[in-house]
Amino acid sequence: MLGTQVAQLQQDPPAGLADVDTVVAGFDEALVSGFARVGDEAAAALAAMADAVAGTPLGPRVADAVGRVTSGGFGPDDLAVLAGARSALLGAAHDALLDRFDTVVGRERARWTTPSGAPDEISAASGATAAWLHEVAVAGWRGADHEMLSAVGSPVEAALAEPRLRRLAVLLDGLAAELRASLPVATMPQVPARRWADLWTRAVLLAQDRSGPADDVERVSGRLLPLGVDVHEHATAVQVQVHAVLEPSDGGPARLVRTTVAAGKVETITGPAVWRLLAAYPVLLTAVAQRRAVTVTDLPVRGGDLTWCDSQARAGEPADPFATGRLLLTEATAAATAPLDRHPAVIAEPVLLEGYRMRKGGDGLTLVRDGASIGVSVDRLPAAGPLTAALVAASTSCLGLARWDDGRWWVQPLAVQATVKREPVEAHNGDWAEGVTDPKVAKAEARAGDAVAVLRERAGRLLRR
């Protein structure tokens, strides 16, 4: 991205964003108190949502659902309609922001194509999930208690038994865990209304999703050139998302893709130790740690999401991610976003920035080039890699993800080139995928012990008994 592109991106956000945020925020606040008794303020917020989608195909159904919720005689189907309206509004904001980004940086984007095939019937597990989410909406976040949260066990167990519902099961379990950790919610000074409403909405829509496994899944072969690694770590799970450029073997245009691998964990496994949980993916770990290209064969891809299978991949020659960014990033075609994933918070577009300077201020770290500036999100830097806020502050080149948050664009660094003590330094989030390369950090890890090995050994003892 050039300075002029940064400036254009930050100027004049798409019209209507503030209005969408106001309408969604009103619905989210209504969900805090719940829909058991809808007061005047909540009724006005629901009416505003109905007005916002009145000119769309959703309009009549949303108006009917709002009427039933306001009068108190509503069911899970009415809540699904409201969740759909909320998702549609945020999806429209997502599309407007992404269109603005593509226009400014000149990025081509493929169109979304609806999967073929007849829809599946809604299963008993989906119905049980919808019933629990209905109960949550009636009580509201401030009405959550141990009895309500204990009831989530059966829907989660039932959803886990169906492969296509496992995403829903994990989401449901995570939402319940957050609520459980926040009890009593009624005494919280501030409820994370937007986050919990996002999770609730997504769960409601996933419970309604009747799309079965698509028969026409695209499969791709070619050379995968990693750009950077985004590590998502939670107390009970770790997920590694590799953003890359794929050069198809059939000679088609290069395309932007991402592939994700994950593993369950316990809270004591943190930092570089999380990589050892992903030992089932040695080819992928080698590619990101050694900065190599990967030859992939017949991997399934939906949109921009590549389903990883280590046995169908082979690590190849060294491939400098910064060189990939300079040569291919502007020409690669980006994928369309799946309907249920359309939300401003999920925007994560790979970008390369060079020739800038960093400025520290009261609002954090800011990247400045040619008089234009963009915020830098160093709070997303993972402890599992060598990239630190100090290295980012000293950098002059950055591979990162452009994100939208708090009403503005930010850059999340994935890799930087910097000068430290007059020596060139390059650091990537995935550098420690095959083991820590920093002697000081390695020594500290050795003193702390291998938590993964200890826990596996203890688990083995229990299983042998």
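Laid out as a table, the results:
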{"item": "Value of [θ]222 nm, deg cm²/dmol, for the chain, DSSP H segments ≥ 4, -39500 (n - 2.57) each, nearest 500", "result": "-13000 deg cm²/dmol"}
{"item": "Calculated Rg and Dmax of region 55-96 using C-alpha coordinates, Å", "result": "11.1, 36"}
{"item": "Ascending count of other beta-carbon atoms within 10 Å, so fewest first, for Cys398, Cys309", "result": "Cys309, Cys398"}
{"item": "Gained length - Glu178 relative to Arg357, 0.36 nm times residue gap less alpha-carbon distance", "result": "60.5 nm"}
{"item": "Most to least packed among 361-373, 275-287 [average Cβ atoms within 10 Å]", "result": "275-287, 361-373"}
{"item": "R0 of 22 Å, Cβ-Cβ distance Asp19-Asp77: FRET efficiency to nearest 0.05", "result": "0.20"}
{"item": "Cα gyration tensor shape of region 1-92, rounded if a/c is under 1.5, else prolate or oblate by comparing a/b with b/c", "result": "prolate"}
{"item": "Euclidean distance of C-alpha centroids, region 358-375 and region 336-355, integer Å", "result": "21 Å"}
{"item": "Glu29 paired with His146, simple spin-label distance in nm, labels 7 Å along Cα-to-beta-carbon", "result": "3.3 nm"}
{"item": "Inter-site label distance for Val425 and Asp12 at 7 Å from Cα along Cβ, in nm", "result": "4.2 nm"}
{"item": "Whether region 152-309 is rounded, prolate or oblate, judged on the alpha carbon gyration tensor where a/c under 1.5 counts as rounded", "result": "prolate"}
{"item": "Extended-chain gain in nm, criterion 0.36 nm per residue less alpha-carbon gap, Gln290 and Glu233", "result": "18.3 nm"}
{"item": "Exposed GluC sites (Glu not before Pro) absent - longest run of the chain, DSSP non-H/G/I/E/B, at most 10 other C-beta within 10 Å", "result": "268-465"}
{"item": "Stretch gain in nm, segment Val266-Gln190, where the contour uses 0.36 nm per residue and the Cα spacing is subtracted", "result": "24.6 nm"}
{"item": "With eigenvalues of the C-alpha gyration tensor scaled by 5 and rooted, region 218-328, Å", "result": "25, 15, 12"}
{"item": "Using a Förster distance of 56 Å, the FRET efficiency for Ala124-Ala444 (Cβ separation, nearest 0.05)", "result": "0.65"}
{"item": "Student exercise, the chain dipole from Lys, Arg, Asp, Glu Cβ charges, in Debye to nearest 20", "result": "1420 debye"}
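Laboratory data are not the source of any read-out in this text; all were calculated from the coordinates shown. Since this is a predicted model, take the numbers as computed values, not measurements. Please note: Cβ atoms are built from the backbone with ideal geometry, for glycine as well, and neighbour counts cover all protein chains shown.
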